[in-house]
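In what follows, a structure is listed as structure tokens, so that the remarks can point back to it.
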């Protein structure tokens, strides 16, 4: 039985990802921050606050105790703290980067020793972080939610540098745009359900794409 480690399974896309991987026969280790999920067969939940390095370290210790090699790591947990749609508030940027970039990178780096040799690391990013799409005015609500968009652009670069660094080790590293999804961040008007997004992410996660790619529905996204 293969093992998937998924962050942020308490709600939204993360919850749908947990359910999808369990239905496909995976053992799932899921992290949560505030909403602890119900225990299930082949599922273990662990507390994780990506904004606190002590929480990251403690979660990694608990993962190591499971004595399981992780075949798929999905860094799904993320946050958006922008209050004004267009103004950049430095404190909100720091808060956002702690979760979406620094905490995620810290957690990933500490997880690498627990990965199987041909593991796939997937970062749930956003086309909102694409400089190309923003320049072309295609990205959803150009100019809005700047701290969130900056964090996702930075996350994509971390993914690219990690992919380059681990290429010879056989790891695959990817970013994925889930689409405009009906979640707390996406809002009720979003056309894609968490289950639909999870199905697309699952397909990418179990495949063997070229490392270092940014994907949406099986196609490469521009940076």
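The values are calculated or read from the model by the stated rules, or taken from the named source; none is laboratory data. Small disclaimer: the values here were computed from a predicted structure and weren't measured. Positions of Cβ are backbone-derived with ideal geometry, glycine not excepted, and every protein chain shown enters the neighbour counts.
Taking the criterion of being touching a residue at least 40 places away in the same chain (Cβ under 8 Å) and out of contact with any strand residue (DSSP E or B) (no Cβ under 8 Å at 6 or more places or on another chain), the residues of the range 172-206 that qualify are 183, 184, 185, 195, 198, 199, 202.
Residues in the range 177-200 that are within 20 Å of residue 151 (Cα to Cα) and either at pLDDT 95 or above or outside any strand (DSSP E or B) (or both): 177, 178, 179, 180, 183, 184, 185, 186, 187. Does the range 152-164 include one or more residues that are surrounded by fewer than 19 Cβ atoms within 10 Å (Cβ to Cβ), at pLDDT 95 or above and more than 15 Å from the chain's Cα centre (by Cα)? Yes, the range 152-164 contains a residue that is surrounded by fewer than 19 Cβ atoms within 10 Å (Cβ to Cβ), at pLDDT 95 or above and more than 15 Å from the chain's Cα centre (by Cα).
If you scan the range 84-96, which residues turn out to be over 22 Å from the mean Cα position of the chain (by Cα) and surrounded by fewer than 15 Cβ atoms within 10 Å (Cβ to Cβ)? Within the range 84-96, 84, 85, 86, 87, 88, 90, 91 qualify.
Every condition in (1) closer than 27 Å to residue 116 by Cβ; (2) part of a helix (DSSP H, G or I); (3) touching a residue at least 12 places away in the same chain (Cβ under 8 Å) holds for residue 55 except the one numbered (3).
Of the residues 36, 61, which is modelled with pLDDT under 95 and either surrounded by fewer than 18 Cβ atoms within 10 Å (Cβ to Cβ) or not in a helix (DSSP H, G or I) (or both)?
Answer to the check: 36.
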